[in-house]
Amino acid sequence: MQFDDDANLDTSEVQDVRGSRIPGGRATVGGGLAGLIALLLGLFFGVGPDNLGLSSGSDSPVATASSLAQVQSTCRTGQDANTKEDCRIVAVVNSVQDFWTQEFERRSGTYTRSPTVFFSGQVATACGTATSAVGPFYCPGDRKVYLDLGFFDELRTKFGSSGGQFAQAYVVAHEYGHHVQDLMGTLGRSQDGRTGANSNAVKVELQADCYAGVWAHHATTTKDESTGRPLITSLTDADIQDGLDAAAAVGDDRIQERFQGRVTPESWTHGSAAQRQQWFYQGYRTGDMAQCNTFR
Ligand SMILES: [Zn+2]
């Protein structure tokens, strides 16, 4: 994955609170429906509810001036995205949202841009306080994507993904897939509390994978607002393979095998490795969100 060196990154789409401390220091469990959705969506890599890490009482490190809002000062251009991990994520967020803005316009709809919050340790959200243990997640209560960049190391070390650059892009694009679902009113279908291979929870997750693939299809042709040229200048087959690899690594069957030693489809929330790859690839191959009807 390569970015246009001369593009300007829009850091307003990322809120960098790494190193900040939650006011009061005490975490609360997300209440009500919003909290429930956070639970469902936060289980990006399917760790059981007892491992969720919500409601931990420990304090995060106190912020230092230099650690706060780092991306705003260091991530200015596509060249920065080509050289620094956090800037690369900023660029992916820009590209994903540029695409959806243009796609919604094309369909006579309106896409509302939604920030990604970089955090470390734990973070207070409208869906409750979450720790890094939940993995990346989308909170419909405040319409933000939450991401601890440390998760990308875990993707490699704990989940056995190749952990390439595009694996990270897939994760970000998947979370924005949930934002698209939120805007389209389909996200709520995951709220019936059911799990299992044919549950709505799984269908919502697979659709987010498909939407990530749809963006990937258009990533090198979506025009950047600052230059009128694509922000992402090249994606290789190896990049797409990284995305497919990550999608498989966070499949429910893989995770269950790895962490509980057996596969129990009735408790699936995100779909199997094969399903996740299949739907990501379906989106990538067609580039058409209408081909992402996982509910059919
Ligand atoms: Zn998800």
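Read the figures in this text as sums done on the coordinates, not as results from a lab. Because the structure is a prediction, the values reported are computed rather than measured. Neighbour counts are summed over all protein chains in view; Cβ atoms, including those assigned to glycine, are modelled from backbone coordinates with ideal geometry.
Just a few scattered comments:
- Cβ-derived FRET efficiency at R0 30 Å, Thr264 paired with Asn293, nearest 0.05: 0.65
- The overall shape of region 77-200 is oblate: from the C-alpha gyration tensor, with semi-axes ordered a ≥ b ≥ c, the ratio a/c is 1.5 or greater and a/b is no larger than b/c.
- Loop GluC sites (Glu not before Pro), region 96-175, which have at most 12 other Cβ atoms in a 10 Å radius of their Cβ (DSSP): none
- Overall, the anisotropy analysis places region 173-239 in the oblate class: the square-rooted eigenvalues a ≥ b ≥ c of its C-alpha gyration tensor yield a/c not less than 1.5, with a/b not exceeding b/c.
- Extension gain from Asn8 to Ser234, taking 0.36 nm per residue of separation minus the Cα-Cα distance: 79.7 nm
- Gained length - Met184 relative to Asn198, 0.36 nm times residue gap less alpha-carbon distance: 2.9 nm
- Of the chymotrypsin sites (Phe, Trp or Tyr not before Pro) in region 195-273, those whose Cβ has at most 11 other Cβ within 10 Å and which sit in DSSP loop: none
- In this structure, the residue pairs whose Cα-Cα separation is over 25 Å, taken from Lys84/Lys223; Lys84/Lys158; Lys158/Lys223, are Lys158/Lys223.
- Global form of region 173-296, assessed from the alpha-carbon gyration tensor, a/c cut-off 1.5: oblate
- Förster-model FRET efficiency, 22 Å R0, Gln241 and Arg285, C-beta, rounded to 0.05: 0.95
- Sparsely packed loop sites in region 222-263 (the trypsin sites (Lys or Arg not before Pro) outside DSSP H, G, I, E and B with at most 11 other Cβ atoms within 10 Å) comprise Arg262.
- Residue order, fewest to most beta carbons within 10 Å, for Phe104, Phe166: Phe104, Phe166
- Each of Arg107 and Thr74 was given a label point 7 Å from its Cα along the Cα-to-Cβ line. The distance between the two points is 3.7 nm.
- Multiplying the residue separation of Thr227 and Ala274 by 0.36 nm and subtracting their alpha-carbon distance yields 13.1 nm.
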